[in-house]
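Below is one structure, written out as structure tokens, with a few remarks after it.
The values are calculated or read from the model by the stated rules, or taken from the named source; none is laboratory data. As the structure is a computational prediction, the values presented were derived from the model and not from experiment. We place every Cβ from the backbone using ideal geometry, glycine too, and count neighbours over all the protein chains shown.
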Amino acid sequence: MDVGMTTAAGLALGVATAAAISDSRRGEIPNWLTLPPIVLGPFAYGAVFGIEYAAHSLGAACLSALIPYLLFRRGGMGGGDVKLFGALGALTGFDLMVGLEIQLAAFIIAMGLSFASLAWQGALLRTLANAVVQGLNPVLPKKHRRRASQALSAPIRMGAPILVATGIFSTPHLLRAWSEL
């Protein structure tokens, strides 16, 4: 299984690298990059390791894409990012949680980059105040609600944070394989 995990980690890192390059250059992650791993990942796991790992891969793809899909439906994330998370889940399906760990790490990295960018622009405190207003409005009485400013929101390209997060989780497997050569 170590060879399988190393191969999966290498493939995931390769897909994430290509996606980050495409996202930084064109602002999109192409279907030809994300759909083959989603479809072929479970079949490859099934052929090599058996039906249990095929089910793991399929389950990991679905779990990894669930929250990004909900964000996509609300206009908070692009469709390419959703498919990329699904592809990474399918590729790292040897463990159901790795795709979710990559997702969480990518969101934390993107949040840190956003905070740094907003601080550099001098808009961090206004944006955080705007977020508090948006968060509290649903629970406040109507007479105390304030209108949140839409000018303090901006899209984030997730390709690079996803690449860094994938690298964090792929590197131990790749280094272990490298040291055993």
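The table for this structure:
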read-out: Counted residues, segment 109-127 - those being under 30 Å from Ala19 (Cα atoms) and surrounded by fewer than 13 Cβ atoms within 10 Å (Cβ to Cβ); value: 6
read-out: Among (1) more than 19 Å from Gly27 (Cα to Cα); (2) surrounded by fewer than 17 Cβ atoms within 10 Å (Cβ to Cβ); (3) of a type outside the set (D, E, K, R); (4) modelled with pLDDT of 90 or more, the one test that Leu181 misses; value: (4)
read-out: Enumeration of residues in segment 44-67 that are surrounded by fewer than 19 Cβ atoms within 10 Å (Cβ to Cβ) and either of a type in the set (Gly, Ala, Ser) or touching a residue at least 24 places away in the same chain (Cβ under 8 Å) (or both); value: Gly46, Ala47, Val48, Phe49, Gly50, Ala55, Gly59, Cys62, Leu63, Ile67
read-out: Tabulated pairs, segment 101-124, first without any contact (Cβ under 8 Å) to a residue 40 or more places away in the chain and at negative phi, second among the polar types (S, T, N, Q) and surrounded by 12 or more Cβ atoms within 10 Å (Cβ to Cβ), C-beta under 8 angstrom, 6+ apart or interchain; value: Leu118/Thr127
read-out: Residue within segment 14-22 that is over 21 Å from Thr171 (Cβ atoms) and either surrounded by fewer than 19 Cβ atoms within 10 Å (Cβ to Cβ) or touching a helix residue (DSSP H, G or I) at 6+ places or on another chain (Cβ under 8 Å) (or both) present; value: yes
read-out: Candidates Ala131, Ala148, Ala119, Ala106 - the one that is at pLDDT below 85 and assigned to a helix (DSSP H, G or I); value: Ala131
